[in-house]
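Here is the structure we will look at, set down as structure tokens.
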Amino acid sequence: IVRASSSPLKEEFIVRASSSLCGEVKSQPPTDHAVLELVSEAWATRAKKLLDISQSKSLESVGLHDALLWDSGNQSEFLFLCLMYLLYLVEAKDREELLFKNADEKLFVHILRCISETNGALTNSFESRTVRNQQFVDIVGNVSESVLEGCCVYGIDLLSSLANKKVSNDDDTLNRTLTALTFLMSLLFCPLRGTEGTHEIEDDVNPTSVKEGDSLWYEKAEGEKRVKATVVKVHFDDFPDLYFTIRVDESNAEKQTVAKKLKRSPNPQSNERLESLVSNDNSEVRDRLGRC
């Protein structure tokens, strides 16, 4: 009804809906995690409808564009879930445009810094501290090398600024900035890193791209024969960690599984392509970042 309404009514609806959504992401989130997930999912559903009606491809209309909001650190889990649910609802081709409006990499860096964990020793817990970062990047999809390089340059500037302040109560922010920058560097210099920190080749499945009805190959254990299967249901109750109900074609049996056991081809892929890509020279990029 709103889409077919006269322009003044439509504009009033867009303004009010935007104001409501922006206010909600700044409000105090529920403390119960199950309720938090439900609230985040409901928020994202309404945000997606607003983006469709307004034909907007900007996070500004829903309130997630503000770097200061992400820097506050008080609502990181709530903001993260809202954004992840929204990105899942948005078409894959539009996700990068939402995050890099006007080719601005700053918001992306602030989001990564917000969702980075600082628990544990910095030297031995990198993977555990960047679980959400990897989930975020997985759903965004491929980010170009030039954009990643811009993100790294901005991350270096943020780190330098914090280090020069030498304020003791900024230690947490400093650690999260360092973690986010290290993560960005790993993406830039190891571009094949995929879900769960592995090297992703064409055979692997990104969980955020799996849809109900997809036909894939199920591998119960590494090296075992793969069987054809159809995705019956995508489960969100542990979001952003997705899992799936599949139906094995040859037996018609249903079972639940995770993305790492689903493959795109009936046979394991050769490592030749992976080895050739890993050997690519990034020396020019390293030189440019070294001059920052």
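Here are some notes:
- Segment 175-210: number of residues that are more than 16 Å from Gln134 (Cβ to Cβ) and either touching a strand residue (DSSP E or B) at 6+ places or on another chain (Cβ under 7 Å) or at pLDDT 90 or above (or both): 4
- Glu275 being within 18 Å of Leu187 (Cα to Cα), open to solvent by 90 Å² or more (accessible area, probe 1.4 Å) and either modelled with pLDDT of 65 or more or among the hydrophobic types (A, V, I, L, M, F, W, C) (or both): no
- Tally of residues being closer than 17 Å to Val90 by Cα, open to solvent by less than 40 Å² (accessible area, probe 1.4 Å), modelled with pLDDT of 90 or more and not in a helix (DSSP H, G or I) across segment 12-65: 2
- Of all residues in segment 73-100, those that are open to solvent by 50 Å² or more (accessible area, probe 1.4 Å), within 24 Å of Ala34 (Cβ to Cβ) and out of contact with any Leu (no Cβ under 8 Å at 6 or more places or on another chain) total 2.
The rows are residues; the columns are (1) at pLDDT 80 or above; (2) under 13 Å from the mean Cα position of the chain (by Cα).
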residue: Glu105; (1), (2): yes, no
residue: Phe108; (1), (2): yes, yes
residue: Glu117; (1), (2): yes, no
residue: Thr123; (1), (2): no, no
residue: Gly141; (1), (2): yes, yes
residue: Asp157; (1), (2): yes, no
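- Residue that is nearest to Glu77 (Cα to Cα), among those in segment 145-167 that are open to solvent by less than 50 Å² (accessible area, probe 1.4 Å) and not hydrophobic (A, V, I, L, M, F, W, C): Gly155
The values are calculated or read from the model by the stated rules, or taken from the named source; none is laboratory data. Since the model is a prediction, treat every value here as computed from it, not as a measurement. Cβ coordinates were reconstructed from backbone atoms using ideal geometry, including for glycine residues, and neighbour counts include every protein chain displayed. Remember, those area values only see protein heavy atoms, side chains included, never the ligands or the DNA or RNA. Shrake-Rupley method; radii C 1.70, N 1.55, O 1.52, S 1.80 Å.
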